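As structure tokens, the structure follows; a few thoughts come after it.
The values are calculated or read from the model by the stated rules, or taken from the named source; none is laboratory data. From a predicted model like this one, the values you see are computed outputs, not experimental measurements. Glycine also receives a Cβ, built like all others from the backbone with ideal geometry; neighbour counts cover every protein chain displayed. Side chains are part of the model used for accessible areas, which takes the heavy atoms of the whole protein and leaves out ligands, DNA and RNA. Shrake-Rupley method; radii C 1.70, N 1.55, O 1.52, S 1.80 Å.
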Amino acid sequence: MIQTLEKIQQAAQGLYMLSETDAPFEPVDLGQQSSEEFNRERLLSHLGKPMDSPVEEQELTYFLRNMTKVREGANAEKQEEIERFQQLQNELLKLTGVKVYRIGRTQIEAYVLGWTPEQHLAGLKTRQVET
């Protein structure tokens, strides 16, 4: 499990989630979780959030779409960043059942979570601001 999370953390190093604020990605390990019993309420409980918190689920590829899209005419630095986001996405897709859980409305905490081979629910968290 540690190796899985380390690879994800290494891929995310120096990358920022782009929104109205740029936020780093931080590793998250919510411990062993049964994927069959995992739901929105269990997530909010583990994170210490109110049960009435808004939660939006997204597919990982949709969540990272603006960072992984190849843009014609992008300079070398931007192209390198796009490739790094593509590598990060590939590492995260190695998790089983990976999804993005966006909690909140304007100040959003986004958790990219999936299961490691040891059945740990792990991944990354970041923040987004959307007004």
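On a straight-distance basis, which lysines could pair with Lys49 in a cross-link, Cα separation under 24 angstrom, same-chain partners fewer than 8 positions away excluded?
Partners found: Lys99, Lys125.
Length gain on complete extension for the stretch Tyr62 to Glu80, per 0.36 nm per residue less the alpha carbon to alpha carbon distance?
On the way: separation 18, 0.36 × 18 = 6.48 nm, distance 2.00 nm.
That pair, Tyr62 and Glu80, stretches by 4.5 nm at full extension.
In whole percent, and with a 1.4 Å probe on the protein chains, what portion of the accessible area of region 1-82 is carbon and sulfur? Each step should come with its number before you reach the end.
Numbers: 2320 of 5380 Å².
Answer for region 1-82: carbon and sulfur cover 43 percent of the accessible area.
Where a ≥ b ≥ c are the square roots of the eigenvalues of the C-alpha gyration tensor, would you call the chain rounded, which needs a/c under 1.5, or, failing that, prolate if a/b is larger than b/c, or oblate? All intermediate terms of the calculation are to be shown ahead of the outcome.
Working: a/c = 2.22, a/b = 1.36, b/c = 1.63.
Oblate shape, in that a/c is at least 1.5 and b/c is the bigger or equal ratio.
Write out the GluC sites (Glu not before Pro) in region 1-75 meeting two conditions: DSSP loop, and at most 15 other Cβ atoms within 10 Å of their Cβ. List each step's numbers first, then the result.
Working: sites: Glu6, Glu20, Glu36, Glu37, Glu41, Glu56, Glu57, Glu59, Glu72; in loops: Glu20, Glu36, Glu37, Glu59, Glu72.
Within region 1-75, the qualifying GluC sites (Glu not before Pro) (loop, at most 15 other Cβ atoms within 10 Å) are Glu20, Glu36, Glu37, Glu59, Glu72.
Under 12 Å from the Cβ of Lys7, count the other residues' Cβ atoms, weight Lys and Arg +1, Asp and Glu -1, and hand me the total. Mind showing how you got there, number by number?
Values: positive: Lys94; negative: Glu6, Glu91.
Around Lys7, the charge tally is -1.
How many Å² of accessible area per residue for region 1-130, probe 1.4 Å? Don't jump to the answer; show the numbers that get you there.
Values: 7470 Å² over 130 residues.
In whole numbers, region 1-130 has 57 Å² accessible per residue.
Please work out how much length the chain gains when fully extended from Glu109 to Glu26, using 0.36 nm per residue of separation minus the C-alpha to C-alpha distance, in nm with one decimal.
28.7 nm
Could you compute the net charge surrounding Gln107? Neighbours are other residues with a C-beta less than 14 Å from the C-beta of Gln107; K and R count +1, D and E count -1.
Numbers: positive: Lys49, Arg102, Arg105, Lys125, Arg127; negative: Glu20, Glu56, Glu109, Glu130.
Residues near Gln107 contribute +1 overall.
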